[in-house]
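As structure tokens, the structure follows; a few thoughts come after it.
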Amino acid sequence: MPQLITEDDLQKLDESYEEIVDLPDDLAETGDEVPLTPDEHREMADVIEAWATDTAAYTLGGELTAPLLLLIAAEHRHAAGDLEHAHSLAGRARDHADAEPFEAHPTFIEFALVAGDLETAGALAAEVLDARPVDLAFYTMIGESYEDNGDETTAERWYTLGLEMMAETENTDDPEYLGLLISRSMLRRDLGLPLDDFDQQLERFTED
């Protein structure tokens, strides 16, 4: 019988590699993490890819899907420097029969930004923007990719789009909404932008 793989298994895999890392005392005190080595990223990618593809050995439960796992494996391969393999995995996720529309776009945008290919990243981001998916993960992931690659202005725009989408769908009770409010407010503070309605909404949340 195939082994059932759930979000708990993915979390346990992450935690197992956190334990492998010998965290120096000065970093442990501040809560910072030591990055995984390329080989550790490869090992994790191999496990996650097997979960996604070896249907004789594994079956997926919870909210896990093969495309999602392939994208996670692709990110680990990318972090290891295996760019061709990373793009191949992301492409398989994009073309998978169970893939959601535009599901692989945030990953490809991240890869393009890291490579300095702003034109490709912008074109892919425009496709997501035209579709306006009702899933905060799109806006958060794309915004984080721009922020991590030094474009804080575009990141702030994507965070704002995500909050507007959730407000339109009256989904502001979702904990992820508050998390994005916080991330956006911190970024706007770094950019020296004045308080707006979303910033004031965060202040009301924190006062309560």
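The values are calculated or read from the model by the stated rules, or taken from the named source; none is laboratory data. Just so it is clear, the model here is predicted, and its values are computed rather than measured. Every residue, glycine among them, receives a Cβ derived from its backbone with ideal geometry; neighbour counts consider all protein chains shown. Keep in mind that these areas ignore ligands, DNA and RNA; they rest on the heavy atoms of the full protein, side chains included. Shrake-Rupley method; radii C 1.70, N 1.55, O 1.52, S 1.80 Å.
Observations on the model:
- You can think of it this way: the chain between E100 and E63 has 12.1 nm of extra reach, that is 0.36 nm per residue less the Cα-Cα gap.
- Taking all C-alpha pairs of the chain, those more than 22 Å from each other amount to 58 percent.
- Magnitude of the charge dipole, the chain, Cβ model with Lys/Arg +1 and Asp/Glu -1, debye to 20: 720 debye
- Residues in the stretch 172-190 reached by a label modelled at R204 [backbone nitrogen below 17 Å; 7 Å Cα→Cβ]: 172-175, 177-182, 185
- Accessible area of the chain divided out per residue, in Å², using a probe of 1.4 angstrom: 57 Å²
- In Hz, Karplus ³J(HN,Hα) per residue of the stretch 180-191 (6.51, -1.76, 1.60; θ = phi - 60°; x = Gly, Pro): 6, 4, 5, 4, 5, 5, 4, 5, 4, 5, 5, 7
- Kirkwood estimate for the stretch 42-156, i.e. one over the average of 1/r between Cα atoms, Å: 14.5 Å
- The stretch 61-122, Cα convex hull volume normalised per residue, Å³: 77 Å³
- For L4, the residues 5 or more places off, or on other chains, whose built amide H falls under 5 Å of its own are T59.
- Mean residue ellipticity, 222 nm, helices only, the chain: the sum of -39500 (n - 2.57) across DSSP H runs of n ≥ 4, divided by residue count and rounded to 500, is -22000 deg cm²/dmol.
- Sorting the Cα pairs of the stretch 96-137 by distance into bins of 5 Å, from 0 upward, gives 5, 23, 31, 22, 15, 4, 0 percent per bin.
- Pair D54, D117: separation of 7 Å Cα→Cβ label points (nm): 3.1 nm
- As a calculated quantity, the FRET efficiency between E19 and T153 at R0 = 41 Å, using C-beta atoms, amounts to about 0.60.
- Taking only alpha carbon atoms, the stretch 40-82 gives an Rg to Rh ratio of 0.99, where Rh is the Kirkwood radius.
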